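Report on the following structure.
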Amino acid sequence: MSPQANNNHVLDGDMQVMDPHSKRLIAVDIGNHQLKFGLLPTEKAIPLPQPSSVLKVPTQGELFDELARWLPTGRLNWCVATVHRQAELRLSEWVRKHRPNDQYVLLGNGDLPIDIRVDHPEQVGADRLLAAVAVNQLRAADRAAIVVDAGSAITVDLLSAGGAFEGGVILPGLDMVAKAMARQTDLLPFVQYSIADKPPPIVGKSTTGAISSGLFWGSIGAVREAVSRMSSELEADSQLFLAGGDAGKLSPFLPRSAQVVPELVLAGIAVTYAQLKERSTG
């Protein structure tokens, strides 16, 4: 989770004016390990916009041939959030060169329609905040919410009953932990395991099995504890939302029912873009 840039920019002119003619939005979530592109309408859907098509590519890979094939024809609006500045620069330069008629907006934390109640609001990862923006469209107006995002890192964040982002917990993802163990020990192997895989037996019968058990059940236990402790500090019952590619697999192991919305961050980008568009044309 890198600090989020605060300066938005547009490739084709005045960044305060959204294109009123293009009806298609490319929402882009640039993470440390993956770029995710979602195709959405520019008009806000009720209660929450969802992408009709999603493209996922590795952050460090060669993405532009695949991206060019996936993109629809005609003028597009791009709205981008990033925690990886170099990857964003590569993307913006490609759009400038190959799609000069498109509009390109880079979001900063100050652009997001949410109150950020942490010590350094500018340093919160955009993905965490945008997931919160999306959840504010779904939660009951008078109830707090807890948002779990199971990606390359696992985050558990709290939204107040008034919709403010209160902070939360950042945990290393399973792949991150497995690589660290392999690097920092002599004999332990690297074990690739995901929450999306079948749950392993709690008692591993081999070194690989024991590592798989520790990765999976350790992550489940950490998320359960974070959710439980956050819930216990609230005066009223909160709602629970899950995001990320592994959200559906994580849900059965949590202490209470949750609403699974896999593309929360892309939806949050679309909500933010729609509000920026309303302000610029209103």
Checklist entry - Is it the case that the stretch 56-75 has a residue that's within 14 Å of the chain's Cα centre (by Cα) and not in a loop (DSSP other than H, G, I, E, B)? => result yes
Checklist entry - Taking the stretch 220-255 as the region of interest, how many residues are buried (at least 19 other Cβ atoms within 10 Å of the Cβ), under 19 Å from the mean Cα position of the chain (by Cα) and farther than 21 Å from residue 36 by Cβ? => result 4
Next on the checklist: If I ask for residues that are surrounded by fewer than 24 Cβ atoms within 10 Å (Cβ to Cβ), of a type in the set (Gly, Ala, Ser) and within 18 Å of residue 108 (Cβ to Cβ), which ones from the stretch 266-282 would you list?
Outcome noted: 274, 280
Next on the checklist: Restricting to the stretch 231-253, name every residue that is of a type outside the set (Phe, Trp, Tyr), within 19 Å of residue 151 (Cβ to Cβ) and modelled with pLDDT of 85 or more.
Outcome noted: 240, 242, 243, 252
Next on the checklist: Quick test for you: out of 124, 133, pick the one residue that is in the same structural domain as residue 32 (by TED's automatic domain parsing), under 25 Å from residue 269 (Cβ atoms) and out of contact with any strand residue (DSSP E or B) (no Cβ under 7 Å at 6 or more places or on another chain).
Outcome noted: 133
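The values are calculated or read from the model by the stated rules, or taken from the named source; none is laboratory data. All of these numbers come straight from a predicted model, not from anything done at the bench. With ideal geometry, Cβ positions are generated from the backbone for all residues, glycine too; neighbour counts draw on all protein chains shown.
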